[in-house]
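Working notes for the structure below.
Every number here is computed from the coordinates shown, using simple stated rules; none is lab data. Everything quoted here is computed from the prediction, not taken from an experiment. FYI the Cβ positions are ideal-geometry reconstructions off the backbone, even for glycines, and counts take in every protein chain you see.
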Amino acid sequence: MITDISAFSSSKLEIGSAVKVPSATVLFVDMRSSTRRAYELGAAKTYITMHSLLPALAHIVAEQNGYIVGFRGDGLFAVFGIDSNGNPSIGAKAVGTACQAGCYMVEAVEAAVNPILEAFDIPGDVAVGVGVDAGEIVITKIGLQGMWEITAYGDAVNRAAKLCSKGSGQVIVSTEAQTNIGTSKNGKLKISKYIPFDDNLFGQVVTSDASLLPAKMSLLG
């Protein structure tokens, strides 16, 4: 979690205070068609779905040295490229690592999460979208005494969230961040398609030749 970084711990941040991070990579991942799915399945099966999906996504963030900022809706919001002291690390490596994490998430949902759901007699048709962007962010503690959260704001956060909503079973990186994508430590990342959206947002689909499975399949069980 982002609060594992000492500079962003709840004991260091006061409500209303903020820490600026000049450069970080932001990843959003969210389930597609979750409202319809919850309506059709009911509360009990939705609960099982979330407890199958979210731990797998969170595990991948941790494995790729990212930090979860929070769980949002039916997914999560994470940052990469910040070291254990809260300082920016190498930008190209961070963007590549975040995109690789996104590719792992898409693969894990298809290869691990959906089979788990089917074992519980729940339709294994879950799909996620992933958005990645990079830029300056601000980490802040917001809320009231006794009811607060530590979160992040910035253009990169907004763009990553929008890109996340644009695809299904895809990782979409902003064109700005794509110029620094580099390669991940586990394989080559490929830019396969350029997508202009109708709100002046531009992104490109990322694929990877590195596989999460079978080596790490057991870690998702």
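The table below lists the values:
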read-out	value
Order by protection proxy (mean Cβ within 10 Å, highest first), peptides 24-37, 47-60	24-37, 47-60
Region 2-208, relative contact order in percent, only Cα pairs under 8 angstrom and at least six apart counted	26
Built amide H within the under 5 Å cut-off of Gly86, gap 5+	none
Net length gained if the chain between Arg36 and Val138 were fully extended (0.36 nm per residue, minus Cα distance)	33.3 nm
Sorted peptide list for 110-120, 65-75, criterion being average Cβ within 10 angstrom, highest first	65-75, 110-120
Cα centroid separation, region 141-178 to region 113-133 (Å)	21
Segments 77-84, 153-160 sorted - mean Cβ within 10 Å per residue, highest first	77-84, 153-160
Cα radius of gyration and Dmax for region 2-208 (Å)	16.9, 47
